[in-house]
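Enquirer: Input: one structure, supplied below.
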Amino acid sequence: MRRRQVYHAFPAQIEEFESGVAWYGFPYSGGTETQPDEPASLIDQLEDPILIIHGTADEASNVSDIYRYAGELDSADKYFELKVYQGEPHGFMIEEGELSESFVAQDAYDEMISFFDRTLNNSTLDNSSR
C-alpha cells in the first residue's frame, strides 16, 4: 500500500507517495550531494498530483521561478495546483517552531488538507476531472 502523507521532497523521486505538497519550493535548485537533480528536470517522471504553496515575498525562492515551473508542469500536462500568498515570505507557515496562527498560515494549512482530501480520495485524476 502506498503511503499518503505530507512531505517536502519531490514526488517524482519517492514512489510510495500518491500526492504531495511543495511548500516554498526550489524547482531550479540542485547539483548537490543531497539533491543531485533540479526538481524541474524531473517533470517527465512526475505521476502524482502536487500542490505548490508559495509567497510572493519569498526572497530565498523567487515567485517568478514558481510561475515558470507551473508553466512547465502545465506544458507537460502534469496535474498540479498552485496557491500563492501575496506579500508572504519564505517560511510563513512557521512561527517560533510552531504552525503560525496567522490567517494566511491557517488558510494554507486548510488548502493542504483540502488538496489531500481531493487527490487521495479520488485516486484517478485525469483531464476530464480537472
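Enquirer: Work out, in µm²/s and without decimals, the Stokes-Einstein translational diffusion coefficient of segment 48-103 at 25 °C, 0.890 mPa s, Rh from Kirkwood over C-alpha pairs.
Expert: After rounding, the answer is 200 µm²/s.
Enquirer: Dividing the alpha-carbon Rg of segment 12-109 by 2.2 N^0.38 Å yields what?
Expert: So the Cα radius of gyration is 1.10 times the expected 2.2 N^0.38 Å.
Enquirer: Show me the GluC sites (Glu not before Pro) within segment 36-130 that DSSP assigns to loop and that have at most 15 other Cβ atoms within 10 Å of their Cβ.
Expert: 47, 59, 96, 101
Enquirer: Quick one: which residues, 5 or more positions from residue 81 or on another chain, have an amide H under 5 Å from its amide H? H modelled 1.01 Å from N in the peptide plane, none for Pro or chain starts.
Expert: 50, 51, 52
Enquirer: Calculate, for segment 18-130, the solvent-accessible area per residue in square angstrom, rolling a 1.4 angstrom probe over the heavy atoms of the protein chains.
Expert: Accessible surface, normalised per residue, equals 56 Å².
Enquirer: Let me ask something else. Each residue of segment 68-78 in turn: what ³J(HN,Hα) in whole Hz from Karplus with 6.51, -1.76, 1.60 and θ = phi - 60°, glycine and Pro shown as x?
Expert: Along segment 68-78, the couplings run 4, 4, 4, x, 5, 4, 5, 4, 8, 6, 9 Hz.
The values are calculated or read from the model by the stated rules, or taken from the named source; none is laboratory data. These numbers come from a predicted model, not from an experiment. Virtual Cβ from ideal backbone geometry, glycine too; neighbours counted across all protein chains shown. When the accessible area is computed, the model is the full protein with side chains, heavy atoms only, and any ligands, DNA or RNA have been set aside. Shrake-Rupley method; radii C 1.70, N 1.55, O 1.52, S 1.80 Å.
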